[in-house]
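The structure appears right after this line, and notes come after that.
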Amino acid sequence: MVDKSLPFAQALLSIGQDNKQEDQYLVNLNELKKMFEEVDQLRLVLSHPGVDRKTKENILIETYQDSMDSSFIDFLKVACRQNMAGQLPQIADHYAHLLDESRNIQTVKITSSIELDEKQKAKLTTILENKLNGKVKLECVVDPTLIAGMKIQTEDAILDASYLKALEKMKEQLTKS
C-alpha cells in the first residue's frame, strides 16, 4: 500500500513555514495524534471508509476550530476531502521528521540497558553533536537484554557498545577456534 501521508506533511510544512507557524502546526498534529491514541471512537470514525468525508470534516472542525488557526483548519478540510483523515497520525510523524530535517536536527536512537538520567542525556547529546557536526535529538529506549552499555543508531550508522554484543563476539570467536 502506498503511503500518501508524506506529501500532505510536506505541504503543511511549506504552509507552516510561510506563515511562521511550523512549531504550532507540530503541536496541533501531536494533539490530533494523541486524540487518535486515546479516543478509539474518533480513530475508528475518522479511519472508517464507510463514514462520508463531510462527516469526518465536520467532526474535526467542530472539535478544533476554536483552538487552531484557519490555515490549519483548511488543511484538515483538505485532508478529509482527500480521504486522509484516518492518516493524520502518519502525517504528524512525517511532519515532525521533515521539520527536524529542515532545521538540520538528526534523531539518534539510544538503546541502553537502563534508563538514562538527564545529566547522561545532556552529556551524550553534547558528544554526539560534536561528532556529527550538528544538532541532535535523542530518542531513548531501554532494553534490559543488553545487560550493560548501549547501542547508538544514527541515520547512517549503528554503534553497538553493549555487553550483549561483546558476549556474542566472544561466543563467535570461541566457536571458530
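What follows is calculated from the coordinates using simple rules that are stated; it is not laboratory data. Since we're looking at a predicted model, the values are computed, not measured. Methodologically, a virtual Cβ is constructed for each residue, glycine included, from the backbone with ideal geometry; neighbour enumeration extends over all protein chains shown.
Structure values in brief
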| quantity | calculated |
| --- | --- |
| Residue with peak Gaussian network fluctuation, the chain [Cα springs, cutoff 10 Å], from L29, L116, L88 | L116 |
| More than 20 Å apart - percent of Cα-Cα pairs taken over the chain | 63 percent |
| Among Y25, Y64, Y95: highest mean-square fluctuation, GNM of the chain, C-alpha pairs under 10 Å | Y64 |
| FRET efficiency, 1/(1 + (r/R0)^6) with R0 45 Å, evaluated for K54 and C140 via beta carbons | 0.60 |
| Length-normalised contact order for the chain - Cα pairs under 8 Å, 6+ apart - percent | 20 percent |
| Calculated SAXS-style log₁₀ I(q)/I(0) at q = 0.25 Å⁻¹ - region 1-54, Debye, Cα scatterers | -1.04 |
| Simple spin-label estimate for K123 and S67 in nanometres, 7 Å along Cα-Cβ | 4.0 nm |
| Three-way shape label, region 55-126, alpha-carbon gyration tensor, a/c 1.5 | prolate |
| FRET efficiency, 1/(1 + (r/R0)^6) with R0 35 Å, evaluated for L44 and D100 via beta carbons | 0.70 |
| Order by protection proxy (mean Cβ within 10 Å, highest first), peptides 119-126, 13-20 | 13-20, 119-126 |
| Fully extended contour minus Cα-Cα distance, from D93 to R81, at 0.36 nm per residue | 2.3 nm |
| GluC sites (Glu not before Pro), loop per DSSP, at most 12 other Cβ atoms within 10 Å - longest free stretch of the chain | 1-114 |
| Cα shape, region 93-136, gyration tensor, a/c 1.5 rule | oblate |
| 5 angstrom amide H check on C140, placed H, neighbours 5+ away | I110 |
